[in-house]
1. Check the range 12-23 and report whether any residue there is in a loop (DSSP other than H, G, I, E, B) and at pLDDT below 95.
2. Name the single residue that is surrounded by the fewest Cβ atoms within 10 Å (Cβ to Cβ) among those in the range 186-213 being more than 17 Å from the chain's Cα centre (by Cα) and either on the phi > 0 side of the Ramachandran plot or not small (Gly, Ala, Ser) (or both).
3. If I go through the range 38-76 residue by residue, how many of them are out of contact with any helix residue (DSSP H, G or I) (no Cβ under 6 Å at 6 or more places or on another chain) and part of a strand (DSSP E or B)?
4. Quick one: in the range 10-30, of everything that is surrounded by 17 or more Cβ atoms within 10 Å (Cβ to Cβ) and free of Cβ contacts under 8 Å to residues at least 40 places away in the same chain, which residue is nearest to Gly84 (Cα to Cα)?
5. Identify, from the list Asp38, Asp16, Asp43, the residue that is of a type in the set (Asp, Glu) and under 21 Å from Pro139 (Cα atoms).
6. Which one is nearest to Gln64 (Cα to Cα), of the residues in the range 3-38 that are among the charged types (D, E, K, R) and over 18 Å from the mean Cα position of the chain (by Cα)?
7. Could you give me the residue pairs with C-beta distances under 6 Å whose first residue belongs to the range 132-151 and is closer than 13 Å to Tyr167 by Cβ, whose second residue is assigned to a strand (DSSP E or B) and among the small types (Gly, Ala, Ser) wherever it lies, and which are 6+ apart or on separate chains?
Amino acid sequence: MKFGIVVFPGSNCDDDMVYTLGEVLKQKVVKLWHKTTDLQGCDFIVLPGGFSYGDYLRSGAIAQFSPIMEKVIEHAQNGGYVLGICNGFQILTESGLLSGALLKNTNQKYICKNVFLKPAYTNNILTQNLDVSKAYKIPIAHGEGRYYASQKTLEEMEANEQILFRYASETGEVNEASNPNGSLNNIAGVCNESRNVFGMMPHPERATDSILGNIDGRLLFESLLSKHIN
């Protein structure tokens, strides 16, 4: 599988993603500058974390108008895979590829720490090999990570099983105490109805190398690289 990592002005997690996919997982990976309109035949597009355009207006609000996004949207609409992490998740909601929005954390502060995620379902390539009874330790680093959607949208997404992850305790309990930013329903990640566009606030690419003492994030990438769900 060939991965394309989109780089916007202000992206700062692109090299982390290139290292994870290229060095750790031995995949073909290229960087795609935001002004290009050539996806270079990539099968899987990743929008990495960072502060695209300095997070002016709203996080991800300006990046949605970069020339490459027209091709990313077209890629997704044709069934191609797209993953947005942190700022990338914000860009996907701003561009309409994912439902909802990411608002300021309830404590109005930037939060950078390890949290635990519990997979909601195994009906998509990102979570298909994960254990829904287990909590995975993944870092977060954001100031606007509070997932919000209307009640109607939330009900539809829950009914369609579009929730990827929920913030949980180390033992897998989904509760208010384990919610770092006030996200509705403890939501840490979602997908679209077709299950080819994924967004999550935590950074699995920062938990893939054993030298860091945590490889829980690698399990997500290994899942999407394994046999696709029929």
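The values are calculated or read from the model by the stated rules, or taken from the named source; none is laboratory data. In this text the structure is predicted, and so the values were computed from the model without any measurement. Positions of Cβ are backbone-derived with ideal geometry, glycine not excepted, and every protein chain shown enters the neighbour counts.
1. yes
2. Ile211
3. Qualifying residue count, the range 38-76: 1.
4. Per the stated criteria, the residue is Asp14.
5. Only one candidate passes the filter, namely Asp16.
6. Lys35
7. Ala135/Ala168
Table: residues versus (1) among the acidic types (Asp, Glu); (2) farther than 24 Å from Tyr136 by Cα.
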{"residue": "Ser66", "(1), (2)": "no, yes"}
{"residue": "Glu70", "(1), (2)": "yes, yes"}
{"residue": "His75", "(1), (2)": "no, yes"}
{"residue": "Gly79", "(1), (2)": "no, yes"}
{"residue": "Ile91", "(1), (2)": "no, yes"}
{"residue": "Leu102", "(1), (2)": "no, no"}
